[in-house]
Structures are given as C-alpha cells and as structure tokens.
Amino acid sequence: MWFVYILLCRDGTLYTGATTDLNHRLARHNAGRGAKYTRGRRPVRLVYWEPCPDRPAALRRERAIKALPRREKLALCRLTENL
C-alpha cells in the first residue's frame, strides 16, 4: 500500500510526498536525508496522510494535492485553526 502525505515544516511551509512507509519516510526527512526541500526546514511534522492502492494512484493524488492552493491544503489537513 502507498500513502500520500503532507508535512508541516518548521518555517510553516507544507511539503507533499508519497511513500510506502510513513514512519521511515518521516524519520528520513527529520534526519536530513529526505527531500532537498525539507533539509533546511527541519523538524517536520506529519499533518496529513491518506492511503492509495498503488504507486500510480499515489503519484496522481500527490500531483493533485500539490496543485491545490495553500488554504485548501490546510483545510484538507484540518490545520487552519492551528496555524
């Protein structure tokens, strides 16, 4: 099973990705071995995830989430009142 996830970075930005192992991927991001974008924005916190049946579905969903405006991503995460 694949997962699409959104991370909240230390600077308040959001990062969206896809993985098969959320815990391992989050640990890699926080260790500085994840995406280049998150390396300078640690620590990151997992604020949203959803399962996908396979890699193509996960990558399509990731692309769709990345295309959303920030306010819609926050609504998806239910974080608008916390930020």
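Could you state the orientation-averaged shadow area of the convex hull built on the Cα atoms of the chain, in nm² to one decimal?
Projected area, direction-averaged: 5.0 nm².
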query: Given TYR15, PRO56, ALA75, which one lies farthest toward the positive end of the charge dipole of the chain, if we put +1 on the Cβ of every Lys and Arg and -1 on the Cβ of every Asp and Glu?
result: TYR15
message: Let me check against my output: what whole-number percent is the relative contact order of the stretch 1-69, with C-alpha pairs under 8 Å and at least 6 apart?
response: 41 percent
- line: Taking only protein heavy atoms and a 1.4 Å probe, the highest-to-lowest accessible-area order of LYS66, LYS73, LYS36 is LYS36, LYS66, LYS73
statement: If the chain between ASN30 and ALA67 were fully extended at 0.36 nm per residue, the gain over the current Cα-Cα distance would be 10.9 nm
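If we count every other residue with Cβ under 12 angstrom of TRP2's Cβ, Lys/Arg +1 and Asp/Glu -1, where does the sum land? Present the calculation step by step, with values, prior to reporting the outcome.
Values: positive: ARG25, ARG55, ARG60, ARG61; negative: ASP21, GLU50, ASP54, GLU62.
Combined, the nearby Lys, Arg, Asp and Glu give 0.
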Under 13 Å, Cβ to Cβ, from ARG41 - net charge with Lys/Arg +1 and Asp/Glu -1: +4
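Of all the accessible heavy-atom surface of the chain, with the other protein chains kept in place and a 1.4 Å probe, what percent is carbon and sulfur? Kindly include the intermediate steps, with their values, before the conclusion.
Values: 2570 of 5100 Å².
Accessible surface attributable to carbon and sulfur in the chain totals 50 percent.
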message: Before I look further, what does the chain give for accessible area per residue, probe 1.4 Å, in whole square angstrom?
response: 61 Å²
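The values are calculated or read from the model by the stated rules, or taken from the named source; none is laboratory data. Predicted model only: the values in this text are computed from it and were never measured. Every residue, glycine among them, receives a Cβ derived from its backbone with ideal geometry; neighbour counts consider all protein chains shown. Remember, those area values only see protein heavy atoms, side chains included, never the ligands or the DNA or RNA. Shrake-Rupley method; radii C 1.70, N 1.55, O 1.52, S 1.80 Å.
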